[in-house]
Amino acid sequence: LKSMQMFWSAEVYRIHGFDPEFDLNLNASLRAYHRDDRKRVKTILQHTLDTGAPFDFEARLERPDGEVRHISSRGELERNPANGKPIAVFGMFMDVTERVKSLRELEKARSKAEMEARNAAQLAETDQLTGLANRRKILEDLRTEIARAESFGQPLTIAVLDVDHFK
């Protein structure tokens, strides 16, 4: 990894937040990755150099202005046909920050909808006065337990206690 020269398009400089006149080397490009992603990215790129396997990863970049961008990167190694030594790594960067934000918002909305559905189900199955299972829930549970007892060939006992003589 140490001796490689970097050639980036104007768009890749823009995504990284670097001026196109910035003298970019490999170490500077690796330092641009978020500290929690840097080692993984370096390992992926080294694996490509060692094995020739293509790479495909997502990571976070920390731009000089402090903004964090999410990128997707894919690439592959080109070898010298004469001696098989690596001569270049060709790849592409794509800024996927908006996609990551959208996915996070969708996940929050999904979690909220699931929580509201659980709450609605609990309200539909619970007596609001006592907080106990209502008639509909008790009958549903009873059907389930009858089916279970029948499938295992086991007897089922039901006990009903009227502790307050309410009904």
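Over the C-alpha atoms of the stretch 1-146, the Rg to Rh ratio, Rh being the Kirkwood estimate, stands at 1.33. Packing here is the average count of other Cβ atoms within 10 Å per residue, and on that basis the peptides 135-143, 153-161, 26-34, highest first, run 26-34, 135-143, 153-161. For the stretch 47-154, carbon and sulfur atoms together expose 54% of the accessible surface, with a 1.4 angstrom probe and every protein chain in place.
Applying both filters, DSSP loop and at most 11 other Cβ atoms within 10 Å, to the chymotrypsin sites (Phe, Trp or Tyr not before Pro) of the stretch 73-167 gives Phe166. Note on Ala53/Arg143: beta-carbon distance plugged into 1/(1 + (r/R0)^6) with R0 of 45 Å gives a FRET efficiency of 0.25.
Determine the dipole magnitude for the stretch 1-150: charges of +1 sit on the beta-carbon of Lys and Arg, -1 on that of Asp and Glu, nothing else is charged, the reference point is the Cα centre, and the result goes in debye to the nearest 20.
So the dipole magnitude of the stretch 1-150 works out to roughly 300 debye.
Straight-line reach from Lys137: taking Cα to Cα under 19 Å and skipping same-chain neighbours fewer than 8 places apart, the aspartates and glutamates in range are Glu116, Glu125, Asp127, Glu145, Asp162. Figure legend: label point modelled 7 angstrom from the Cα of Val96 along Cα→Cβ; residues of the stretch 27-64 with amide N under 14 Å from it are 55-61.
Solvent-accessible surface of the stretch 24-167, taken per residue with a 1.4 Å probe and all protein chains present: 76 Å². Note on the stretch 1-52 and the stretch 66-130: Cα centroid distance 22 Å, given to the nearest whole angstrom. Looking at the stretch 36-79, the GluC sites (Glu not before Pro) that sit in a DSSP loop and have at most 13 other Cβ atoms within 10 Å of their own Cβ are Glu67.
The values are calculated or read from the model by the stated rules, or taken from the named source; none is laboratory data. Not measured: the values here are computed from a predicted model. Because the Cβ atoms are built from the backbone with ideal geometry, glycine has one as well, and the counts that use them run over all protein chains shown. Keep in mind that these areas ignore ligands, DNA and RNA; they rest on the heavy atoms of the full protein, side chains included. Shrake-Rupley method; radii C 1.70, N 1.55, O 1.52, S 1.80 Å.
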